[in-house]
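Written out below as structure tokens is the structure these notes cover.
The values are calculated or read from the model by the stated rules, or taken from the named source; none is laboratory data. Just so we're clear, the structure is a prediction, and the values are computed from it rather than from any experiment. Here the Cβ positions follow ideal geometry from the backbone for every residue, glycine too, while neighbour counts run over all protein chains shown. The protein model used for the area step is the full one, side chains on, heavy atoms only, and it has no ligands, DNA or RNA in it. Shrake-Rupley method; radii C 1.70, N 1.55, O 1.52, S 1.80 Å.
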Amino acid sequence: MNDKSSALQEKDGVSKPETTSKASAEKIKISRARQNSVSEFVTGVLKGNITFLSKAITLVESTNIKHQQKANDILNRCLPHANKSVRIGITGVPGVGKSTFIETFGKYLTAQGKKVAVLAVDPSSSINKGSILGDKTRMEALVTDENAFIRPSPSGTSLGGVAQKTRESIILCEAAGFDTIIIETVGVGQSETVVHSMVDFFLLLKLAGAGDELQGIKRGIIEMADAIVINKADGENKQNAKIAKVAFNRALHLYPLKESKWQPKVLTASALHNSGIEEIDNMILTYIAITKENAYFNKKRNEQNKFWLLSTIEQQLKTNFYQNPKVKNALEEEIDNLENGKTTPFNAAKRLLDL
């Protein structure tokens, strides 16, 4: 029985007015559908427009052929305005405090009137290929600094702690007027050496009392480092940091003098308490001054360009190989033969390469 006098009776609600007019919605759709031209991108990047810079890096990272062509045109026109920055690579094991250190160091640099771009590389899952890209969340103070730009990128299938397109992103950031480029690597250990081939100064962060002192006698990433910073040197860990500093200093002196004529330094710092940051900046400035004076700075950059030329050729050959329709079909057949024990991986590879 429907009792109209009941307080439980449902009443007609108040209609909610539309917050966006149809005309405005259509205008937004048209705006999103319109693609910016190469000239607009270049003009925007050269003016330091962060929106255009971010979009340009997205184009560079895209695997879409049309996007790649557009990205190449943008890069070519931005190149004459690049190569005017100091590139700093920062690496270290997970938990060493890379993000906190970079934020503190970045804020120190912007306070000196410098423009800082942080290219942070996050590890990609080998299972679902996804990345968290949480560096902007970790660097809360730096992300709101008008003289700073933070761009997290997935490492993808690239090895060596950097994303495949980090090199091109550096060019765009330099063209946008950033005079200091910081590259934060994935942070997985001894294999992180590719970043060394794209930076001017390679900084390795270490922890005291974590067994890392033993790494000082190993060749590899430490041999490439221009400086080692014992981070989190505060509180009860301060004494351990001093001991680790002595151990690393002894280890570094076992290596022959670098071609740059620079003797790698070991410093301690606490990014959390903002101590040791000024000393690190002064050390980097000294390194840049020495290497520019003895011409090693430009020589290293030229060698890096050659390295990336050969790497790009290898990458393109690999891409062309797997995109070849004949190879795709033959690859499936060879995999079937391999699973059925009719061939060996080496013979199958030879037949595919002969195509």
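Do any of LYS84/LYS292; LYS232/LYS261; LYS165/LYS350; LYS98/LYS265 go past 21 Å between their Cα atoms, and which? Write out the running numbers ahead of the final one.
On the way: LYS84/LYS292 13 Å; LYS232/LYS261 29 Å; LYS165/LYS350 30 Å; LYS98/LYS265 18 Å.
Correct reply: LYS232/LYS261; LYS165/LYS350.
If you rank LEU252, LEU46 by how much accessible surface each has, with a 1.4 Å probe, what is the order from largest down?
Ranking LEU252, LEU46 by accessible area, largest first, yields LEU46, LEU252.
Put a dot 7 Å past each Cα toward the Cβ at ASN305 and THR144; how far apart are the dots in nm?
Label at THR144, label at ASN305, 4.2 nm between them.
Starting from the amide H of VAL266, placed 1.01 Å from N in the peptide plane, find each other amide H under 5 Å away whose residue is 5 or more places distant or on another chain.
Those qualifying (amide H under 5 Å, at least 5 residues apart or on another chain) are ILE228.
Enter the accessible area of ARG151 (Å², nearest 10), with the probe set to 1.4 Å and all protein chains included.
40 Å²
Under a plain spin-label model, where a point goes 7 Å from the Cα along Cα-to-Cβ, how far apart in nm are GLU40 and PHE321?
4.0 nm
Determine the per residue accessible area of region 246-345 with all protein chains present and a 1.4 angstrom probe, expressed in square angstrom. Intermediate values should be presented prior to the final figure.
Working: 6690 Å² over 100 residues.
Result: 67 Å² of accessible area for each residue.
I want to check the label-to-label distance for ASN340 and ASN298. Put each point 7 Å from Cα in the C-beta direction and report it in nm to one decimal.
Rounded to a tenth, the inter-label distance reads 6.3 nm.
Please state the charge dipole magnitude for region 225-355, taken about the Cα centre, from unit charges on C-beta atoms (+1 on K and R, -1 on D and E), reported in debye and rounded to the nearest 20.
460 debye
Sequence-distant or interchain residues sharing an amide H contact under 5 Å with ILE182, placed H: which?
The list, which skips near neighbours in sequence, is ILE88, ALA117, VAL118, LEU119.
How charged is the neighbourhood of ASN49? Take every other residue with its Cβ under 12 Å from the Cβ of ASN49, and add Lys/Arg as +1 and Asp/Glu as -1.
My count for the surroundings of ASN49 gives +1.
Can you give me the solvent accessible area of SER270 with a 1.4 Å probe, rounded to the nearest 10 Å²?
Its accessible surface works out to 0 Å², give or take rounding.
If all Cα-Cα distances of region 226-355 are sorted into 5 Å bins from 0 onward, what percent lands in each bin, rounded to whole numbers?
Taking every Cα pair in region 226-355, the percentages come to 2, 9, 11, 11, 10, 8, 7, 6, 6, 9, 11, 8, 2.
Starting from the amide H of SER153, placed 1.01 Å from N in the peptide plane, find each other amide H under 5 Å away whose residue is 5 or more places distant or on another chain.
ALA120, VAL121, ASP122
How much of the accessible area of region 281-332, probe 1.4 Å, is carbon plus sulfur, in whole percent?
Here carbon and sulfur together make up 57 percent of the probe-accessible area.
Kindly write out, for region 327-337 in residue order, the coupling ³J(HN,Hα) from the Karplus curve 6.51 cos²θ - 1.76 cosθ + 1.60 (θ = phi - 60°), rounded to whole Hz, with x marking Gly and Pro.
5, 4, 5, 5, 5, 4, 5, 5, 5, 4, 4
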